[in-house]
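The next block holds one structure in the form of structure tokens; read it before the comments.
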Amino acid sequence: MTWRWIPPLTADGQRQMAIDRWMLAQQSGGQASPMLRLYRWSQPTLSLGRHQRQIEPHWIALAEQGRLRLVRRPSGGRAVLHAGELTYALACRPRTTHRLTAYAEACQWLVAAFEALGVPLHFGSVKAAAAAQRGNCFASGTAADLVQANGAKRIGSAQLWRGACLLQHGSVLLQPPSDLWREVFSSPAPALEPLPELAVMEALQRAARDHLCGGLLQHQELSPSEWGEIEGQGDPAALAL
């Protein structure tokens with residue numbers, strides 16, 4: 001089946017999360033093509049997982065100071081700082097609903113992209129229960145995450161399922177801002193060599209075409225009517241602070 005590539009968009013967190021929720025909703029009818037996109041955030045944003053209830057007081061203070069925005073993701077996982085990174089989102093009906101198998105299959109294009117960039121990645125080994133105790137998504141790498149040989153996590157991914165339909169999205173670190181990272185998480189950013197955004201974006205698109213979409217990847221902008229559907233969903237991404 002042909003996948004739909006939604007061209008990259010830079011926008012605030014509320015709008016980005018609204019698009020991701022809409023992508024998943026399109027799969028439930030069984031008629032929409034699988035969808036994939038890469039995107040950027042218009043300002044530093046801390047996204048919290050769907051079930052993450054603890055909001056650190058200093059996160060709220062940073063938001064009040066205008067240093068970052070806070071948003072709720074539709075997927076699970078811990079807090080992610082969206083700055084110096086790219087985010088991907090895919091929505092489809094995988095061949096299996098077994099979570100770890102679906103993760104492994106949905107991440108092969110990411111592995112292939114970074115292999116082409118000369119940055120081999122492998123899945124992490126930290127137990128999900130242990131990782132859940134930490135507020136920072138990038139503090140540990142589980143079987144759903146991709147890490148480098150030195151153990152530093154390059155890509156953190158999370159899922160949301162609606163029946164047999166999957167939304168998976170993740171953060172691809174390029175060059176996270178060390179000062180803001182330490183302010184947010186009270187720890188240094190992962191020890192990763194900086195990567196150029198354009199080269200990574202091109203490698204990701206090529207790998208998606210060849211290793212995720214079976215060579216069938218069609219560019220298609222969001223139409224005015226689709227934007228209307230996206231904007232009419234309400235705002236579940238809002239945080240009650």
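The values are calculated or read from the model by the stated rules, or taken from the named source; none is laboratory data. Predicted model only: the values in this text are computed from it and were never measured. Cβ: placed from backbone, ideal geometry, glycine included. Neighbour counts: every protein chain shown. Remember, those area values only see protein heavy atoms, side chains included, never the ligands or the DNA or RNA. Shrake-Rupley method; radii C 1.70, N 1.55, O 1.52, S 1.80 Å.
General observations
- Ellipticity estimate at 222 nm from DSSP helix runs (n ≥ 4, -39,500 (n - 2.57)) divided over the chain, nearest 500: -9000 deg cm²/dmol
- Segment ALA32-SER178, extension gain: residue separation times 0.36 nm, minus the distance between their alpha carbons: 48.5 nm
- Full extension of the segment from HIS58 to THR96, taken as 0.36 nm per residue of separation minus the current Cα-Cα distance, would add 9.6 nm.
- Cα gyration tensor, region 1-136 - rounded (a/c under 1.5), prolate or oblate: prolate
- Percent of beta bridges antiparallel (DSSP, the chain, rounded to nearest 5): 65
- Gain in span if fully extended, SER223 to ASN150, counting 0.36 nm per residue against the direct Cα distance: 21.9 nm
- Theoretical FRET efficiency, 1/(1+(r/R0)^6), r = Cβ-Cβ of MET1 and ALA116, R0 22 Å, to 0.05: 0.35
- For the peptides 194-207, 168-181, the ranking by mean Cβ contacts within 10 Å, running from highest to lowest, is 168-181, 194-207.
- With every protein chain in place, region 154-241: carbon and sulfur % of accessible area (1.4 Å): 51
- Taking the average, over residues, of other Cβ atoms within 10 Å as the packing measure, peptides 214-227, 93-106 rank 93-106, 214-227 from highest down.
- Å² of accessible area per residue within the chain, as computed with a 1.4 Å probe and no ligands counted: 45
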